[in-house]
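*Asks:* My questions all concern the structure below.
The values are calculated or read from the model by the stated rules, or taken from the named source; none is laboratory data. Everything quoted here is computed from the prediction, not taken from an experiment. Every residue, glycine among them, receives a Cβ derived from its backbone with ideal geometry; neighbour counts consider all protein chains shown. For the accessible areas, the whole protein counts, side chains as well, though only heavy atoms, and no ligand, DNA or RNA atoms are used. Shrake-Rupley method; radii C 1.70, N 1.55, O 1.52, S 1.80 Å.
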Amino acid sequence: MHTTATQKLAHQAVPSLILQLSLPAILGMLVSSLYNLSDTFFAARLGVSQVGAVGIVMPIMTFIQAVGMTFGMGAGSRISYLMGRGDRENAARAGAWALVLSAFSGVVLLICGLCFLSPVLRVLGVTDTIFPYAKEYAFVLLLSAPLQTGGFVLNNTLRSQGNAVRAMLGVILGSVVNVGLDPLFMFVFGWGMRGAALATAAGQTLSCLFLFFQYQHKKSPLRFRFSLLRWDPALLLAMGKVGLPTFLRQGSTMLATILLNRACLPYGDSVIAVVSIVSRILWFLTSVLIGFGQGLQPLVGYSFGAKHLRRMLASYRWALVYAIGFSLIAAAACFFFSETLLVWFLAPEGAQRAMGLLCFRSQLITLPTQAFVIVSNMLMQATGRAFSASLLAVSRQGLCFVPLILLLPRLFGPTGLLLTPAAAAIGTVLNLKPVLRIKGEKRDDFSKTRGWKGAKN
């Protein structure tokens with residue numbers, strides 16, 4: 001017997017269902033991105049070095065997110081697929097294993113991070129003036145690593161069941177707590193960067209607890225039970241294959257951020273601060289595109305499991321239309337108000353203002369390319385196309401960004417550095433061979449995917 005959520009995945013009209021699944025995911029992603037955006041905003045009231053500290057610590061946060069999202073996406077896609085096939089037992093087992101493995105990985109990250117925090121920060125490109133603020137900020141955030149990784153898994157597993165609203169509410173709760181506590185801890189109590197980190201940790205703790213309660217709710221089709229943790233290599237391998245592209249995407253983002261921060265070292269704290277602010281604003285926009293992809297994932301996974309080829313492809317097309325449309329409108333609006341947005345976070349003057357505008361506007365022009373990359377990547381993950389998804393995941397931040405960040409600053413100085421992210425986005429599109437052939441289902445790449453024989457058209 002299908003629940004209401006699974007009935008929607010099976011029968012509701014695709015255009016409205018994509019919006020219904022995507023909007024809560026988008027709102028959740030937007031509110032989630034307020035974690036770092038809020039810290040950056042309030043850190044700017046303390047000084048340039050404090051803003052730089054948030055930027056320096058970003059790769060650590062990205063790596064923690066990478067671990068949580070890897071298990072979360074792997075389990076979420078598998079859950080949708082198994083529910084489409086009517087296999088509730090293994091779907092619940094996938095969620096249980098993902099939660100346990102993510103929490104264990106979070107503990108490992110916590111221990112290793114605290115033991116090697118100072119050398120890690122040096123590798124990340126910290127300056128002597130930024131170092132004390134970055135260390136103070138990162139120390140507290142690492143303490144919440146197990147809750148962060150577990151929260152990402154719970155968010156994805158809830159959404160994979162079609163419970164996008166509950167997943168969204170958990171993220172909103174954490175972000176509201178974070179934004180509310182930031183000024184209290186940082187300024188009223190006078191805790192500075194430690195206060196910013198404590199506010200973030202408090203928000204993530206409440207979010208994780210709320211999501212776990214929702215996952216255990218009596219109306220949830222899947223619940224966590226220790227009895228589900230029976231060793232199942234085939235299931236874990238399938239989850240790993242689907243989650244790997246997420247890890248590679250987040251890992252390449254972390255590598256790109258490290259290289260970018262290190263490239264900023266010769267130009268001082270002000271350039272690091274500008275790059276940090278632009279990255280936060282761009283991430284706020286990119287999170288919407290990720291929300292469309294996350295809304296697409298459960299519908300694709302369910303349709304893939306039920307072998308409804310046309311419904312799956314229609315879902316992809318509609319998600320892509322929505323994502324590209326948003327990226328065009330958002331990029332145009334932010335381009336027009338780019339100076340105002342930069343001033344909100346930092347009052348740059350002279351050369352610093354020019355650098356910020358160049359970095360920001362160049363990436364806004366290339367924002368629509370990310371719509372295609374992100375939505376397509378989610379489609380391939382949800383259908384188990386691990387190699388293609390992995391290649392696409394690392395194409396921008398890994399294959400294109402790394403050689404460009406090593407070359408352009410040497411050729412053009414700080415201008416080349418600031419244009420590198422936009423150049424990498426363009427290079428990804430120009431060099432990417434078609435990974436999706438959806439003109440005529442008979443020759444579609446999905447026909448080569450295991451399990452598509454006899455797919456319902």
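*Asks:* Starting from the stretch 92-110, keep only residues that are within 16 Å of Ser80 (Cβ to Cβ), then list their pairs with residues that are of a type outside the set (A, V, I, L, M, F, W, C) and surrounded by 23 or more Cβ atoms within 10 Å (Cβ to Cβ) whose Cβ atoms are within a distance under 6 Å, requiring at least 6 positions of separation or different chains.
*Replies:* Ala94/Arg78; Gly95/Thr157
*Asks:* I'd like the full set of residues that are among the charged types (D, E, K, R) and touching a residue at least 24 places away in the same chain (Cβ under 8 Å), limited to the stretch 186-230.
*Replies:* Listed by number, the residues that qualify are Arg194, Arg223, Arg225, Arg230.
*Asks:* Could you pull out the residue among Val343, Val373 that is at pLDDT below 90 and open to solvent by less than 60 Å² (accessible area, probe 1.4 Å)?
*Replies:* Val373
*Asks:* Just checking, how many residues over the stretch 350-366 are over 22 Å from Gly251 (Cβ atoms) and touching a residue at least 24 places away in the same chain (Cβ under 8 Å)?
*Replies:* 10
*Asks:* So which residues in the stretch 251-276 are farther than 15 Å from Met58 by Cα and among the charged types (D, E, K, R)?
*Replies:* Correct list: Asp269 only.
*Asks:* Could you say whether any residue in the stretch 58-75 is more than 30 Å from Leu237 (Cβ to Cβ) and either open to solvent by 10 Å² or more (accessible area, probe 1.4 Å) or of a type in the set (S, T, N, Q) (or both)?
*Replies:* The answer is yes; a qualifying residue exists.
*Asks:* If you take the residues of the stretch 309-332 that are without any contact (Cβ under 8 Å) to a residue 60 or more places away in the chain and open to solvent by less than 50 Å² (accessible area, probe 1.4 Å), which of them is farthest from Ile365 (Cα to Cα)?
*Replies:* Checked the stretch 309-332; the qualifying residue farthest from Ile365 (Cα to Cα) is Leu320.
*Asks:* Mind counting the residues in the stretch 47-72 that are outside any helix (DSSP H, G or I) and at pLDDT 85 or above?
*Replies:* Counting residues in the stretch 47-72 that are outside any helix (DSSP H, G or I) and at pLDDT 85 or above gives 0.
*Asks:* Mind listing whichever residues of the stretch 215-237 are in a helix (DSSP H, G or I) and open to solvent by 20 Å² or more (accessible area, probe 1.4 Å)?
*Replies:* Those that are in a helix (DSSP H, G or I) and open to solvent by 20 Å² or more (accessible area, probe 1.4 Å): Phe226, Ser227, Pro233, Ala234, Leu236, Leu237.
*Asks:* Here is a further query. Against the definition (assigned to a helix (DSSP H, G or I) and either farther than 30 Å from Gly305 by Cβ or without any contact (Cβ under 8 Å) to a residue 12 or more places away in the chain (or both)), how does Val126 come out, yes or no?
*Replies:* No: the conditions fail for Val126.
*Asks:* If you don't mind, another one. Looking at (1) under 30 Å from Ala263 (Cα atoms); (2) open to solvent by 10 Å² or more (accessible area, probe 1.4 Å); (3) among the polar types (S, T, N, Q), find the lone condition where Ser144 falls short.
*Replies:* That leaves (2) as the condition not met.
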